[in-house]
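Working notes, structure below.
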Amino acid sequence: MGGRFAFRVFCVCFLFFSTAKLQAQIKVASFSTVLSEIAQKVGGKNVVVTSLIKPGQDPHEYQLTPGDLSAAAASDLVLLSGKGMEVSYLTNLRDALPKRVQVVAVGDQIPSLTKGADEGKEADKETTQDPHWWNSIAETEKATMVVRDAFTRLDGQHAADYQAGATAYLAVLKELDSWVKRKVAELPRNRRILVTSHDAFQYFAKDYGFQIDSIEGLTTDQEPSVSHVTALIAEIKKQGVKAVFLENTLNPKVSVEITRESGAKIGGSVYADGLGPGDGETYAGMFRHNVTTIVDALK
Amino acid sequence: MRGSPLAQAILVVAALLLLLIPLHRLTQREQRPPELSVVSAAPKQVHLAVRTTAVPCRFQITFLGKTLWAEDAGMPELAKDFNIDFPKEGIDLVVDATWETKALAAMEITLSLPDGTTIHKTLWGQGTADDVLTFKEE
């Protein structure tokens, strides 16, 4: 009899304390694989992160599902990539979320590279901002601080933990940046021409001295025109570009055709739109894979 | 003269096969990749001068993944000439320096080109310092 009573008390206590622990955690819904990693590293045991965009999924093609909307509505904090990445569903998402849910468009708090104005197109801030900020380690450092601040606003009691998590993650990013600089230095500066499936590497190019020639535009739903592809092939021949790079989430058909016509080779596949299966399961792994693939193919 | 049907069939097949050769040559896709133009810069004589605030100092300068200059410097100023490609986009030198002193020290690297262009870069550290320095004509 006494044993059964003790067991019941234990169960009640266990449920109480485990529920209390869960309630203390910040529930985060992330619409970016990179932000999911940052949130986990900065938040540690004080957060529960649900990644609504999965590794290897093309965020440009993502459609908001009722299930994902429910998950976002049940969270305390929604993290968005920002800079127009979620433009196709942002209004619906904001309208559907309860007022208590905080929404932070992380990229919107980081300075933008823009595209369009320099091509004579009409300026449209929402669509011409380059959303691929995670391809710059410096921008990812800024994103880490934005996430730290968001957690601290929600849960000031654990501010020191969030600061410690951010500091540790920033140290990893610093070491990664140092490695990238050394690896890129193996490639002559006049061979740093990066031809990729879509225009996702402008931030990377700015940091490490590359010129970008992409097949598609800033998003993956823009089909390249014949004149653009013809001009690109001519540019590859003129510059003596050795390799064209595929992307893990895109169809390689046009890239393969371009290599056939230009004489360049396929340099490998890179992660352009965030984390993915294989080497790209972590941010550092993704970046190291991309840099190694690019430098070794263009050498 | 009409011959056997078998012989006629063989002749027709042979004629068709002969026709296939020029047809194939006319219609085949060019398989050989076009010659790529090679982007390279003519090697230039580059003069490098290293000045360090503290000695002894051990340093290594790496260019395109290979050691260009490694030295155990007992003097605060050293200089050397190198024949290397110097494109208009500039060059990156990876510099690793180690000082015996743990106090703050600096290493200045001056790159001079034959046309008189001079570019200075400085590296700071306590005990050690390393960085990738870009030298580019303005």
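The values are calculated or read from the model by the stated rules, or taken from the named source; none is laboratory data. No experiment lies behind these values; they were computed from the predicted model shown. Please note: Cβ atoms are built from the backbone with ideal geometry, for glycine as well, and neighbour counts cover all protein chains shown. What goes into the accessible areas is simple: the full protein's heavy atoms, side chains included, and nothing from ligands, DNA or RNA. Shrake-Rupley method; radii C 1.70, N 1.55, O 1.52, S 1.80 Å.
Can you find even one residue in region B:93-102 that is modelled with pLDDT of 95 or more and of a type in the set (Asp, Glu)? Yes, region B:93-102 contains a residue that is modelled with pLDDT of 95 or more and of a type in the set (Asp, Glu). One residue stands out among those in region B:85-117 that are touching a His at 6+ places or on another chain (Cβ under 9 Å) and farther than 17 Å from residue A:182 by Cβ: the one that is most open to solvent (accessible area, probe 1.4 Å), which is B:114. When A:44, A:82, A:67 are screened for being modelled with pLDDT of 95 or more, at positive phi, surrounded by fewer than 20 Cβ atoms within 10 Å (Cβ to Cβ) and not assigned by TED's automatic domain parsing to the domain that holds residue A:275, only A:44 passes.
Checking B:88, B:121 one by one, the residue that is in a loop (DSSP other than H, G, I, E, B), within 28 Å of residue A:239 (Cβ to Cβ), of a type in the set (Lys, Arg) and within 14 Å of chain A (Cβ to nearest Cβ) is B:88 and no other.
Within region A:184-200, identify whether any single residue is more than 14 Å from every other protein chain (Cβ to nearest Cβ), modelled with pLDDT under 95, more than 14 Å from residue A:130 (Cβ to Cβ) and under 18 Å from the mean Cα position of the chain (by Cα), and answer yes or no. Yes, region A:184-200 contains a residue that is more than 14 Å from every other protein chain (Cβ to nearest Cβ), modelled with pLDDT under 95, more than 14 Å from residue A:130 (Cβ to Cβ) and under 18 Å from the mean Cα position of the chain (by Cα). Taking (1) closer than 22 Å to residue A:111 by Cα; (2) of a type in the set (Phe, Trp, Tyr); (3) within 14 Å of another protein chain (Cβ to nearest Cβ) in turn, residue A:151 satisfies each apart from (3).
Scanning region A:85-103 for residues that are at pLDDT 95 or above, outside any helix (DSSP H, G or I) and not polar (S, T, N, Q) yields A:85, A:86, A:89, A:97, A:98, A:99, A:100, A:101, A:103.
The criterion of being open to solvent by 40 Å² or more (accessible area, probe 1.4 Å), within 14 Å of chain B (Cβ to nearest Cβ) and out of contact with any Ser or Thr (no Cβ under 9 Å at 6 or more places or on another chain) holds for residue A:256. If you check B:128, B:67 for being farther than 19 Å from residue B:43 by Cα and within 13 Å of chain A (Cβ to nearest Cβ), only one passes: B:128. Restricting attention to region A:264-282, the residues that are in contact with a Phe, Trp or Tyr (Cβ under 8 Å, 6 or more places away or on another chain), open to solvent by 10 Å² or more (accessible area, probe 1.4 Å) and touching a residue at least 40 places away in the same chain (Cβ under 8 Å) add up to 1. Inclusion of residue B:134 among residues that are open to solvent by less than 60 Å² (accessible area, probe 1.4 Å), more than 15 Å from residue B:60 (Cβ to Cβ), of a type in the set (Ser, Thr, Tyr) and away from chain A (no Cβ under 14 Å) is not warranted. Residue-level analysis places residue B:134 outside the set of residues that are modelled with pLDDT of 95 or more and either part of a loop (DSSP other than H, G, I, E, B) or farther than 27 Å from residue A:174 by Cα (or both).
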